[in-house]
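Take a look at the structure set out below.
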Amino acid sequence: MKKVLLIFLITAISCSGIESIEPLDENVLNQSFETENGFKTLKGIYEQNNQPMVVNLWATWCTPCLEEMPFFETAHRKYGGKIDFIGINISDSPTRAKQRAEELHISYLLGKDPDGSFTKSLKAIGLPVTAFFNAEGKLSTVHQGPISQETLDKSIMELLDA
């Protein structure tokens, strides 16, 4: 019974759409993740482009993750010159992740984090998780759980106005 209750609580929290700013493990900016073009860090991406970043943590086994990915793709096509969009696949099959991204026609930067260190650094409970970094490269908000198109658009506008 305790296991069932624990699973329920984790599911409820991860699907609640909570936004928070907790003390961030500063290492999150320096952690490397693998892309098709080698290893990258969020700090390196920021230093290269000097613009806000939207970082989405996802997995193929996470239905809400797959449902929201088209929102990020639409936003990337609209704001890609002003904001960097990054999807980091967490603890998943690289083959399956690549296949899902192709099926969804994802064109923003994708990487993989096989050990889930980004979820630990962002103090995330479950997936999906979206982190918003402002124009100074600082974390402004962490949205835990599924994000709606409306909330994503609002958060993007806040990044662009800052």
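The values are calculated or read from the model by the stated rules, or taken from the named source; none is laboratory data. The model shown is predicted, which means the values in this text are computed figures rather than measured ones. Please note: Cβ atoms are built from the backbone with ideal geometry, for glycine as well, and neighbour counts cover all protein chains shown.
Residue count for region 1-44, restricted to those that are modelled with pLDDT of 90 or more, among the small types (Gly, Ala, Ser) and not in a helix (DSSP H, G or I): 2.
Residue 116: in contact (Cβ under 8 Å) with a residue 60 or more places away in the chain and on the phi > 0 side of the Ramachandran plot, yes or no? No; evaluated as a whole, the condition is false for this residue. Residues being modelled with pLDDT of 95 or more, out of contact with any strand residue (DSSP E or B) (no Cβ under 8 Å at 6 or more places or on another chain) and closer than 22 Å to residue 51 by Cα are entirely absent from region 122-134. Considering only residues in region 37-73 that are under 22 Å from residue 134 (Cα atoms) and of a type in the set (A, V, I, L, M), the one that is farthest from the chain's Cα centre (by Cα) turns out to be 45.
The set of residues in region 45-58 being surrounded by fewer than 21 Cβ atoms within 10 Å (Cβ to Cβ), in contact with a strand residue (DSSP E or B) (Cβ under 8 Å, 6 or more places away or on another chain) and assigned to a loop (DSSP other than H, G, I, E, B) consists of 51 alone.
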